[in-house]
Every structure is written in structure tokens, then in C-alpha cells.
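A.B. asks: Can you keep this structure in mind? I'll have questions shortly.
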Amino acid sequence: MSRFVPDTLVMAERNLVRLPRSPDLLIGFTIQPVMFVLLFAFVFGGAISTPGFDYIDFLIPGIIVQNTAFGGFVTALGLAEDLTKGLIDRFRSLPTSRASVLAGRTLADVVTNSLSIVILVGTGLIIGFSFQTGILEILAGFALLLLFGYAFSWIFALIGMSVSSPEAANGIGFTIIFPITFISSAFVPVESMPAGLEKFAEINPITIVVDAMRALWLGVPAGNNVWGAVVWCLVLIAIFAPLAVRKYRRTAGR
Amino acid sequence: MLGVLGPNGAGKTTAVRVLTTLLPPDAGDASVIGLDVVAEAPALRAQIGLAGQYAAVDENLTGIENLVMVGRLYGKRRAEARRRADELLDRFSLSEAGGRIAKTYSGGMRRRLDLAAALVADPPVLFLDEPTTGLDPRSRLELWETIEALVAEGTTVLLTTQYLDEADRLADRIAVIDRGRVIADGTADELKERVGGLRVEVHLTDASRAADAAMALAPMSEEQPAVDDARVSVRVAREQGTIMEAARRLDQAGIDADDVAVRRPTLDDVFLTLTGRELADEEGEQSADEREEVAA
């Protein structure tokens with residue numbers, strides 16, 4: 001276990017070094033989210049009614065949460081690729097700490113998520129978003145986003161270790177995770193949804209985190225949402241990190 | 001060097017995976033250099049190197065970065081890992097390519113980088129799982145020479161292969177496995193001896209004289225000559241003078257031959273004798289076997 005920290009850092013470094021060499025991934029972290037913000041703000045924005053908010057203010061925390069949920073997607077893709085290429089076998093044959101390959105992946109995601117979040121906030125500020133709270137709340141919002149992104153990285157780590165190919169990881173990501181992020185308060189007020197969906201949206205952790213972000217950045221009363229969001233994230237990590245590591249220990253190559 | 005020879009699906013890779021701690025055995029136990037593959041797996045991992053079928057290198061890292069990463073995962077400091085990486089790149093003729101990302105490497109270069117990665121910690125035991133599968137003949141020969149040099153330096157190597165010439169050339173001892181079981185083991189010569197050693201083989205100009213030829217050659221051996229159309233062969237004890245003697249006997253009997261040769265058994269013959277199946281058409285055989293199993 002003493003090797004856990006250095007091994008994790010080596011793995012994180014590996015994942016960050018290779019990133020700029022995959023331009024498609026880099027575009028996914030930078031240009032794509034900006035495009036989504038602009039599409040939602042200017043194409044749908046006029047049609048969505050958000051009582052009490054300017055739509056840009058309503059949208060930015062929501063879309064950043066949605067985007068951060070997908071930040072860990074590169075972990076699923078990368079692990080699935082490492083499995084098919086035999087790299088996971090190589091790592092498992094080395095005297096490394098067993099959790100470090102996955103921990104390094106998810107740690108690298110924190111760095112890329114930070115990059116995406118900064119780019120998205122910058123875009124938001126340019127098109128009219130404004131923070132309504134003090135610096136502490138704003139920083140707390142950033143911290144919550146990173147924690148939330150980290151939790152989702154572990155979900156994606158489990159997906160990546162469980163599927164047979166990067167394409168399959170892609171499929172699961174877009175058919176399961178994508179809708180979950182949409183059936184939430186990220187883009188529209190949940191009250192506007194049909195009753196069944198509204199129920200789901202209200203208990204959806206995405207909604208809880210989005211509401212917490214609106215509380216932290218816009219000063220909207222959030223009830224217990226901020227702490228609720230933190231607890232949700234910790235619960236997700238507590239569930240998915242051990243599952244993913246267990247899968248890593250047992251998974252055969254290919 | 002131990003060569004593990006067998007067709008696809010014989011269990012070679014599974015055996016390597018168990019011995020390199022990647023797969024826990026379903027039953028029984030195994031140890032490498034006295035370390036149990038389950039109970040002492042972490043200690044064992046520090047003593048072994050593995051190069052597999054897939055050239056497991058990170059294509060988005062350079063050759064140097066790949067080797068430094070592996071070195072650091074073995075617990076080396078960055079500078080030390082870098083020094084070792086340079087040494088290995090030099091040894092595997094990859095120095096010039098070391099700064100390029102591995103995606104740009106040829107198949108042979110990737111295999112060499114993969115092998116270099118397996119050697120980062122200078123392990124006393126090296127596992128090579130079909131290291132030359134899919135390589136062109138030249139790269140294959142280069143890799144063989146590299147492996148021979150490693151063995152000459154004292155590394156213990158377990159090599160799996162489905163190529164007979166590879167096992168024949170590289171391995172001191174060969175274990176032939178089929179459907180998960182070792183069906184024979186020994187040196188290449190011992191295995192060949194088991195299937196009948198040397199034979200003298202003649203091809204007759206006229207197949208109708210085959211019986212006469214068999215009679216003429218019979219005194220050369222204690223065993224009966226085998227006749228297959230225009231080809232007659234008989235087991236002989238030694239090589240010297242055999243061709244001359246066979247030619248003389250045929251000549252005396254007035255039989256013309258197109259070709260007289262001494263044939264050494266190949267590992268193909270070994271496999272055929274041991275399993276009743278050809279190595280080469282194992283693919284087709286396998287699906288037939290599977291059908292049989294389902295029917296049973």
C-alpha cells in the first residue's frame with residue numbers, strides 16, 4: 001500500500017501526457033462544452049421559461065454539472081482501450097499498488113475537469129452569466145463540481161473495466177448516463193416535466209448537485225442541498241471505487 | 001529456455017497468465033522461483049517480466065516515456081528509470097525512435113519496445129507469450145536473436161509459441177501441450193526421437209515398383225519399410241552412408257528413383273504422432289472437436 005501514492009501519480013502523469021496527443025479528446029474537453037452552452041443559451045434559451053431567473057444564470061450551473069458528469073468519460077474509454085491493447089495485463093504484472101491504475105485515471109480526470117470548468121465559466125461570463133454570491137461560496141461551488149466529477153469518474157472506471165471495447169463504453173455512456181443528466185434540473189425547471197419524470201428528476205443526484213450549485217453561485221435558498229450533494233458524491237465514490245478496483249483485480253485481458 | 005508449444009486454444013496463454021499472477025488458478029498451485037503465484041504474488045511480480053501477444057505499449061507515449069513509466073511502476077526513481085530506458089532503447093536499436101510516439105512504430109519495433117518494457121527491472125525470469133505472432137520474417141529473426149542473447153546472459157525464459165521452428169531453434173526444453181495438458185516434454189531431439197528418429201525416404205520414378213523397392217531396402221532396418229504410393233521410407237539408425245547404401249540397393253534391384261534423402265522428423269511429426277492431428281489444420285479440427293463435445 002505504501003506504493004499507492006507514487007504509482008497513482010505515475011499513472012495520472014501518463015494520462016495527462018498523452019492527452020494533448022489525442023486532439024479529438026482535447027476537443028471534447030474544450031470546444032464541445034462551449035458549443036453546448038451556446039446552443040442551449042441561444043437556441044433553446046428563448047423558449048424555456050425559468051421564473052425568477054435569467055436563463056443564462058439558470059443554465060450555466062446546470063450545464064457545467066452535466067458536462068462535469070461526463071468529464072470522467074475519458075476514463076471509461078481509456079480503460080477499455082488499455083484492456084483491449086493488453087496494457088492492463090502489463091500493469092497487473094508489475095509490482096504496483098492494485099488501485100493505482102484506476103486512481104491515476106480518476107486523478108487525471110480532476111485536472112481535465114478543472115480545465116473544462118474554467119473554460120465553461122469563462123464562456124458563461126462572456127455571454128452574460130454573473131455570480132450572485134461571495135468568493136467563499138463561489139470557491140465552494142468549484143470544489144463541489146470537482147468532487148462530483150471525481151465521483152462520476154469512478155462510475156466510468158467501473159464501466160470501462162466492465163465492457164469489451166471502447167465502442168461499448170461509448171454506447172453505455174450515451175444510452176444510460178446521458179439521459180440521466182437530462183432528466184434533472186440542469187436545463188429546465190423540473191416542475192415543467194410530466195409527473196413521472198418529475199419524480200425521477202427530483203431524486204436524481206444530478207438535480208441535487210445542480211440545485212446546490214445554484215445555491216452556491218446564485219444564492220438561491222437550497223435547503224439541505226449543498227450538504228445533500230456532498231453526501232451524494234461521497235456515497236457514489238464509496239460504492240463505485242471499491243467495485244471498480246475489485247473489477248480491476250479480477251479482470252482478464254481483452 | 002523452456003518452450004511451450006501447442007495450437008491455438010491449447011492453454012498456453014492461460015498457463016502464462018497463471019504463472020504471471022494475472023489469473024488465479026482454479027485448482028492446484030504454482031510457483032515461480034520458489035514464490036507461490038497466489039500467496040506471494042506481490043513479491044513474485046518484482047521478479048518477472050512479461051511480454052505478451054499484443055505488444056502492450058501505450059501508443060500515445062514515446063518509447064522513452066513508455067519505458068520510464070514502467071520503470072517508475074517498478075519503484076525506480078525518475079532519473080534511474082530514464083537511465084535504464086536509454087540503455088534498453090540502445091540495446092533494442094530503438095534509440096533513434098525513442099523520442100517518437102509509439103503509434104508511429106512498425107510492428108517489429110513495437111514488439112521490441114514491449115520486450116524492452118518487460119526487461120526494465122532486469123528480471124531473472126521472463127515470460128514471452130507468442131512474441132513473434134504476426135511479425136514479418138525479418139523482424140521475427142531479429143527478435144529471435146535478441147531472445148537468444150538474453151538467454152546467453154543467464155535469463156530464464158518461458159516462451160510460448162505455435163511455431164515449431166521457433167521452439168526448435170530457441171528452446172532448450174520443449175513442453176508440447178494440447179487441450180490444457182502437457183502431452184510430451186523433453187529436448188527437441190528427444191521429442192523427435194520419440195516419433196521414430198531418422199528415416200531414409202526414396203521417391204520412385206515408377207510407383208508400381210514400390211513393393212520391390214520396400215523389399216530391397218528392408219535389410220537396412222529392423223523395422224518394415226513404409227510405402228505410400230511412389231514414396232518408400234524406412235527408419236535408419238544413422239545418417240552417414242545411408243543415402244549411398246539406399247541408392248546402391250535400389251540400383252542393384254534395377255529400380256529408378258527420382259530422389260533419395262534422409263529425413264529428420266520435425267516437431268510437426270511430433271505433434272501428429274502425439275495427438276493424431278496436424279498442427280497446421282488445428283483451426284478446422286478445433287471446431288470439429290467442439291461439436292463433438294457438444295454432442296457428447
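Only the coordinates and a few stated rules stand behind these numbers; no lab work does. These numbers come from a predicted model, not from an experiment. Cβ atoms come from the backbone with ideal geometry, glycine included; neighbour counts cover every protein chain shown.
A.B. asks: Could you work out which residue, out of A:Arg18, A:Arg105, A:Arg92, moves most in a Gaussian network model of chain A, that is, has the largest mean-square fluctuation with Cα springs under 10 Å?
C.D. replies: Evaluated over chain A, the most mobile residue of the options is A:Arg18.
A.B. asks: Rounded, prolate or oblate: pick one for segment B:125-188, where a ≥ b ≥ c are the square roots of the eigenvalues of its C-alpha gyration tensor, a/c under 1.5 means rounded, and failing that, prolate if a/b is larger than b/c, else oblate.
C.D. replies: Since a/c reaches 1.5 but b/c is at least a/b, the shape of segment B:125-188 is classed as oblate.
A.B. asks: If the reach is capped at under 16 angstrom between alpha carbons, list the aspartates and glutamates near B:Lys76, excluding any in the same chain fewer than eight residues apart.
C.D. replies: Cross-link targets: A:Asp7, A:Glu13, B:Glu65, B:Asp86, B:Glu87, B:Asp122.
A.B. asks: Between segment B:84-107 and segment A:6-46, what is the separation of their alpha carbon centroids in Å?
C.D. replies: Result: 30 Å between the Cα centres.
A.B. asks: Let me ask another. At q = 0.06, 0.15, 0.16 Å⁻¹, what is the log10 ratio I(q)/I(0) for chain B, with the Debye formula run over Cα points and no solvent?
C.D. replies: Normalising to I(0) and taking log10 leaves -0.29, -1.12, -1.21.
A.B. asks: In terms of the Cα gyration tensor, with a ≥ b ≥ c the square roots of its eigenvalues, is segment B:14-168 rounded because a/c is under 1.5, prolate because a/b exceeds b/c, or oblate?
C.D. replies: Oblate.
A.B. asks: Taking the Cα centre of segment A:4-250 as the origin, how large is its charge dipole in debye, to the nearest 20, when only Lys and Arg (+1) and Asp and Glu (-1) carry charge on their Cβ atoms?
C.D. replies: Dipole of segment A:4-250, to the nearest 20 debye: 1020 debye.
A.B. asks: Under unit Cβ charges (Lys, Arg +1; Asp, Glu -1), what dipole magnitude, rounded to 20 debye, does segment B:35-158 have relative to its Cα centre?
C.D. replies: 460 debye
A.B. asks: Right, here's the next one. Quick check: the angle from helix B:242-252's long axis to the longest principal axis of chain B, C-alpha only, nearest 10 degrees?
C.D. replies: 20 degrees
A.B. asks: Can you give the local net charge around A:Phe156? Use residues other than it whose beta-carbon is closer than 11 angstrom to its beta-carbon, Lys and Arg +1, Asp and Glu -1.
C.D. replies: 0
A.B. asks: Could you work out how far the C-alpha centroid of segment A:83-162 sits from that of segment B:1-71, in angstrom?
C.D. replies: 31 Å
A.B. asks: For chain B, take the longest principal axis of its alpha carbons; what is the angle in degrees between that and the long axis of helix B:282-295, to the nearest 10 within 0 to 90?
C.D. replies: 90 degrees
A.B. asks: May I pose another question? Hey, if you put +1 on the Cβ of every Lys and Arg and -1 on every Asp and Glu Cβ in segment A:4-250, which of A:Phe73, A:Ala201, A:Gly104 ends up farthest toward the positive end of that dipole?
C.D. replies: A:Gly104
A.B. asks: Return B:Lys12, B:Lys192, B:Lys103 ranked ascending by Cβ neighbour count within 10 Å, so the fewest neighbours appear first.
C.D. replies: The fewest-first ordering by Cβ neighbours comes to B:Lys103, B:Lys192, B:Lys12.
A.B. asks: Tally Lys/Arg at +1 and Asp/Glu at -1 over every other residue whose Cβ is under 13 Å from the Cβ of A:Leu77; what's the total?
C.D. replies: Cβ neighbours under 13 Å give a net charge of -2.
A.B. asks: Also: Round to a whole angstrom and tell me the spacing of the C-alpha centers of segment B:212-243 and segment B:131-210.
C.D. replies: Here the answer is 26 Å between Cα centres.
A.B. asks: Let me ask something else about it. Taking the number of other C-beta atoms within 10 Å as the exposure measure, put B:Ser139, B:Ser233, A:Ser164 in order starting with the fewest.
C.D. replies: A:Ser164, B:Ser139, B:Ser233
A.B. asks: Counting Lys and Arg as +1 and Asp and Glu as -1, each charge on the Cβ, what is the dipole of the protein assembly as shown about the Cα centre in debye, to the nearest 20?
C.D. replies: With only Lys, Arg, Asp and Glu charged at Cβ, the dipole is about 2340 debye.
A.B. asks: How do the peptides A:187-198, A:109-120 rank, highest first, by the average count of neighbouring beta carbon atoms within 10 Å per residue?
C.D. replies: So the order, starting with the most tightly packed, is A:109-120, A:187-198.
A.B. asks: Over all distinct alpha-carbon pairs, what is the Kirkwood Rh of the protein assembly as shown in angstrom?
C.D. replies: 27.8 Å
A.B. asks: To continue, here is another question. By a straight-distance test (C-alpha under 13 Å), which aspartates and glutamates pair with A:Lys199 as possible cross-link partners, with residues fewer than eight away in the same chain excluded?
C.D. replies: Hits, sequence-local ones excluded: A:Glu191.
A.B. asks: Let me ask something else. Going by alpha carbons, how many degrees (0 to 90, nearest 10) lie between the helix axis of B:78-91 and the longest principal axis of chain B?
C.D. replies: 30 degrees
A.B. asks: List the relative contact order of chain B as a percent without decimals, with contacts defined as Cα pairs under 8 Å and 6+ residues apart.
C.D. replies: Across chain B, relative contact order equals 20 percent.
A.B. asks: Order these by the 10 Å Cβ neighbour count, fewest first: B:Arg112, B:Arg72.
C.D. replies: Result, fewest neighbours first: B:Arg72, B:Arg112.
A.B. asks: Of all beta bridges DSSP finds with both residues in chain B, what is the antiparallel percent, to the nearest 5?
C.D. replies: So the antiparallel bridges in chain B amount to around 55 percent.
A.B. asks: In units of 2.2 N^0.38 Å, what is the alpha-carbon radius of gyration of segment B:198-263?
C.D. replies: Taking N as the residue count of segment B:198-263, the ratio is 0.94.
A.B. asks: Quick check of the Kirkwood formula: for segment A:4-250, what is the inverse mean of 1/r over all pairs of different Cα atoms, in Å?
C.D. replies: Over segment A:4-250, the inverse of the mean reciprocal pair distance is 18.5 Å.
A.B. asks: Oh, and also: Diagonalise the Cα gyration tensor of segment A:1-97 and give the resulting equivalent ellipsoid semi-axes, square root of 5 times each eigenvalue, largest first, whole Å.
C.D. replies: Its equivalent ellipsoid spans semi-axes of 39, 15, 11 Å.
A.B. asks: Then there's this: Only helices at least 20 Å long along their own axis, judged from Cα atoms, and with Kyte-Doolittle mean hydropathy of -1.0 or greater: name those in chain A from DSSP H.
C.D. replies: A:4-18, A:55-69, A:100-126, A:135-162, A:225-250
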